[in-house]
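Taking it in order: structure first as structure tokens, then the write-up.
The values are calculated or read from the model by the stated rules, or taken from the named source; none is laboratory data. Every value quoted in this text rests on a predicted model; they were computed, and no experiment measured them. All Cβ positions, even for glycine, are placed from backbone atoms using ideal geometry, and neighbour counts span all protein chains on display. Surface accessibility is based on the protein's heavy atoms, side chains included, excluding ligands, DNA and RNA. Shrake-Rupley method; radii C 1.70, N 1.55, O 1.52, S 1.80 Å.
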Amino acid sequence: GFIAFAQTLRPQFNPLCLDSVEGYCVSMYHKEKQYLLDLINGIPGRLNLTLDLWTSNQGTGYVFIRGHFIDSDGNIHHPILNVVTVPSPDSGDSLNQTIMTCISDWHLEGRVLTLALDKSLTSETVKSPCNRCTTGNEQNY
């Protein structure tokens with residue numbers, strides 16, 4: 001197969017095992033997450049979150065939470081903070097738990113200015129976690 005073909009082209013070719021590739025990917029993920037945490041902790045203001053919901057043909061929902069902020073050097077950032085599979089995307093409890101977990105994982109309590117929702121979501125669905133996570137408990141919907 002492919003390995004024999006690659007070794008014919010380059011005899012020094014030595015394929016990595018799955019565990020090595022997985023370890024490298026996990027290590028890179030943790031390094032990038034720490035970089036983003038440090039960047040977010042250093043911003044002078046608050047950040048905005050957007051919530052997008054995609055539903056597969058099988059009815060599984062995928063929630064994408066993206067953070068939008070300006071760093072201390074004036075650069076705009078908008079990384080994807082979390083992608084979560086939600087078994088029942090129409091359930092407010094599933095979405096609320098997803099949002100609160102992301103806010104907690106990224107240490108964003110009290111630092112969220114606004115939460116912009118996908119057009120398929122209603123503000124009533126995610127109202128309760130927003131009240132607890134926005135600065136000063138303002139309602140920004």
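Remarks
- When the range 27-44 is filtered for residues that are open to solvent by 70 Å² or more (accessible area, probe 1.4 Å) and not polar (S, T, N, Q), the ones remaining, listed by number, are M28, Y29, H30, K31, E32, Y35, D38, P44.
- Scan of the range 10-65 for residues that are of a type in the set (V, I, T) and in a helix (DSSP H, G or I), ordered by number: V21, V26, I40
- Screening the candidates L9, L16 for the property of being of a type outside the set (G, A, S), at pLDDT 90 or above and over 25 Å from E109 (Cα atoms) yields one hit, L9.
- Exactly one residue out of N41, N48 is touching a Gly at 6+ places or on another chain (Cβ under 8 Å), of a type in the set (S, T, N, Q) and modelled with pLDDT of 90 or more, and it is N48.
- Within the span defined as the range 121-141, every residue fails to be part of a loop (DSSP other than H, G, I, E, B), exposed (fewer than 14 other Cβ atoms within 10 Å of the Cβ), modelled with pLDDT of 60 or more and not acidic (D, E).
- Meets criteria (part of a loop (DSSP other than H, G, I, E, B), of a type in the set (S, T, N, Q) and either open to solvent by 40 Å² or more (accessible area, probe 1.4 Å) or within 22 Å of E109 (Cα to Cα) (or both)) for N82: no
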